[in-house]
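Taking it in order: structure first as structure tokens, then the write-up.
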Amino acid sequence: MLQNTGKLAGCTLFITGASRGIGKAIALKAARDGANIVIAAKTAEPHPKLPGTIYTAAQEVEAAGGKALPCIVDIRDETQIGEAVQKAVDTFGGIDILVNNASAINLTGTLETPMKKVDLMLGINLRGTYLTSKLVIPHLLKSASPHILNLSPPLNLNPVWFKNHTAYTMAKYGMSMCVLGMAEEFRGQIAVNALWPKTAIQTAAMEMLGGEGVGKQCRTADIMADAAYAVLSRPKDYTGHFLVDEDVLKETGVQDFEQYAVQPGHPLLPDFFLDEAPETLVEKMEQHGDVKATDGGVLNKPAIFKHGPIESTFDAIRGVINEDVVKFTQGVYQFDLSGEHGGVWFLDLKSGSGSAGQGQPSAKADVVMTMDSNDFSKMFAGQLKPTMAFMSGKLRIKGDMTLAIKLEKLMSRMGKAKL
């Protein structure tokens, strides 16, 4: 681990989303120098799935040697941010460092992403980062060692990082564009940089996205905390950089990166927006037994890429289709789903050993089935038969009706496999 040098002693850090995860790790690293930490986050009451509140984080900061000011802040709310900033100034006499860590993520395509999710990501990632920076900057200009550090990626314009989750990429790149613009706007006055992890980082949010098994493919948040500490210890003329945690630490002399691995020796899942495309990442994990590829060429996604009950249903479908099912069915299905988990999915039971996944089928669909996503889940869980769904108006079928009947055979097979 990178040793503390005391350079942040007495500094005041305003950290968004600091009640858990990377934000809290950065707070604790600075606290060991004796820094003042403003914990600006929404969680005041225990979350049913996520650990920690602003108050438990404050206790940990003070136990580590720092001073803490927990503030209930939704960074979409200008009033809440303004009040927290003023409280920080009144309590600690100013603000020296802003860490824009708070972020929202939803890894879905354009047709599958509800506008409330788009608004949430843009509101937190882009607008929230810009707004918090705008309100903190007047105080940073009074500091002897002012920094803004955004936890956001390099601006990689390779289309592969847009095609599967355009809204998330736009929102996350909005944070990076704040770095690009503000670094130049305040050059010589405030250091403005971005920091991004080379690999996936184990956090409670990551486990919610990827499931329990994702941890062994991750590094701990300590690597981001150490890298952030190194960046924030530099002078204010070090600005406008898009940094990767491992590269930063190599420059400081750190050579042992196994110390940051959740499971030393296990291959790590590279993070988004760097050089390797998602398909390459999946293939790498396949080599180590973390994912499997179907004969049809569709890759089963590793844990980090999974999201929601529809993906889980298709995981189960991929587990039971084979050449015999294809030979019996001889049909290509397209499912147009609406509602909470809306989107377009396909099931190709016409070639090879079959394939299934999100998006349009590569060949023309023989039957298009339109229904609510919740009814779709019930259908494949054996709680709703396609014929009954059709008769009750819950399912609309365009194309070969006999394929709907054959689909019931597949559902029976899935039931025996205990979907």
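The values are calculated or read from the model by the stated rules, or taken from the named source; none is laboratory data. Just so it is clear, the model here is predicted, and its values are computed rather than measured. When we count neighbours, we look across all protein chains shown, and the Cβ atoms used for this are built from the backbone with ideal geometry, even at glycine. SASA here: full protein model, heavy atoms, side chains in, ligands and nucleic acids out. Shrake-Rupley method; radii C 1.70, N 1.55, O 1.52, S 1.80 Å.
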- First select every other residue whose beta carbon is under 11 angstrom from the beta carbon of L69; then total the charges, Lys and Arg +1, Asp and Glu -1. 0
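Taking only protein heavy atoms and a 1.4 Å probe, what accessible area per residue, in Å², does the stretch 86-187 have with all protein chains in place? Don't skip to the end; give the middle numbers.
Details: 4400 Å² over 102 residues.
Normalised by residue count, the accessible surface of the stretch 86-187 is 43 Å².
Summing +1 for each Lys or Arg and -1 for each Asp or Glu, what net charge is found among the other residues whose Cβ lies under 12 Å from the Cβ of S338?
Taking every other residue near S338 into account, the sum is -3.
If you rank K327, K134, K216, K172 by how much accessible surface each has, with a 1.4 Å probe, what is the order from largest down?
Working: K327 160, K134 115, K216 75, K172 10 Å².
From most accessible down to least: K327, K134, K216, K172.
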- Message: As an exercise, use a Förster radius of 22 Å and the Cβ-Cβ distance of D275 and T166 to find the FRET efficiency, rounded to the nearest 0.05.
- Response: 0.65
- Sort the stretch 103-172 into rounded, prolate or oblate with this rule: let a ≥ b ≥ c be the square roots of the eigenvalues of the Cα gyration tensor; rounded if a/c is under 1.5, and if a/c is not under 1.5, prolate when a/b is larger than b/c, oblate otherwise. oblate
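Before I look further, what does the stretch 1-67 give for accessible area per residue, probe 1.4 Å, in whole square angstrom?
Details: 2870 Å² over 67 residues.
Ligands and nucleic acids excluded, the result is 43 Å² per residue.
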- Query: What's the extension gain from D74 to S338 if we count 0.36 nm per residue and subtract their Cα-Cα distance?
  - Reply: 92.0 nm
- Note on the structure: Lys and Arg at +1, Asp and Glu at -1: neighbours of K117 with Cβ under 15 Å from its Cβ sum to +1
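Given the chain, what percent of its DSSP beta bridges are antiparallel, to the nearest 5? Don't skip to the end; give the middle numbers.
Details: 19 of 51 bridges.
Around 35 percent of the beta bridges assigned by DSSP in the chain are antiparallel ones.
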- Message: Under the rule of at least 5 residues apart or a separate chain, name every residue whose amide H is placed under 5 Å from the amide H of L384.
- Response: M379
- How compact and how long is the stretch 142-226, expressed as Rg and Dmax of its alpha-carbon atoms in Å? 15.5, 46
- Message: Just to be sure I understand the model, the point goes 7 Å from the Cα along the line to the Cβ. What's the resulting T5 to N158 distance in nm?
- Response: 3.3 nm
- Message: If you roll a 1.4 angstrom probe over the protein chains with everything in place, what fraction of the accessible area of the chain belongs to carbon and sulfur, to the nearest %?
- Response: 52 percent
- Where the Cα pairs of the chain fall when distances are cut into 20 Å bins, in %: 25, 48, 23, 4
- Note on the structure: Checked against the positive end of the charge dipole of the chain (+1 on Cβ of Lys and Arg, -1 on Cβ of Asp and Glu, about the Cα centre), the farthest of Y229, G123, L149 is G123
- Express in whole angstrom the spacing between the alpha-carbon centres of the stretch 180-235 and the stretch 310-368. 38 Å
- Taking a ≥ b ≥ c as the square roots of the eigenvalues of the Cα gyration tensor, with a/c under 1.5 meaning rounded and otherwise prolate when a/b exceeds b/c and oblate if not, the stretch 1-153 is prolate
- Note on the structure: Under the helix-only model (-39500 (n - 2.57) for each DSSP H run of 4 or more, divided by the residues of the chain), the mean residue ellipticity at 222 nm, to 500 deg cm²/dmol, is -11500 deg cm²/dmol
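Pairs K163/K350; K116/K398; K29/K49; K172/K385; K216/K385; K42/K378: which are spaced more than 32 Å apart, C-alpha to C-alpha?
K172/K385; K216/K385; K42/K378
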- Under a 1.4 Å probe, counting only protein heavy atoms, E185 has an accessible area in Å², nearest 10, of 120 Å²
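Rounded, prolate or oblate: pick one for the stretch 1-76, where a ≥ b ≥ c are the square roots of the eigenvalues of its C-alpha gyration tensor, a/c under 1.5 means rounded, and failing that, prolate if a/b is larger than b/c, else oblate.
It is prolate, given that a/c is not under 1.5 and a/b is the larger ratio.
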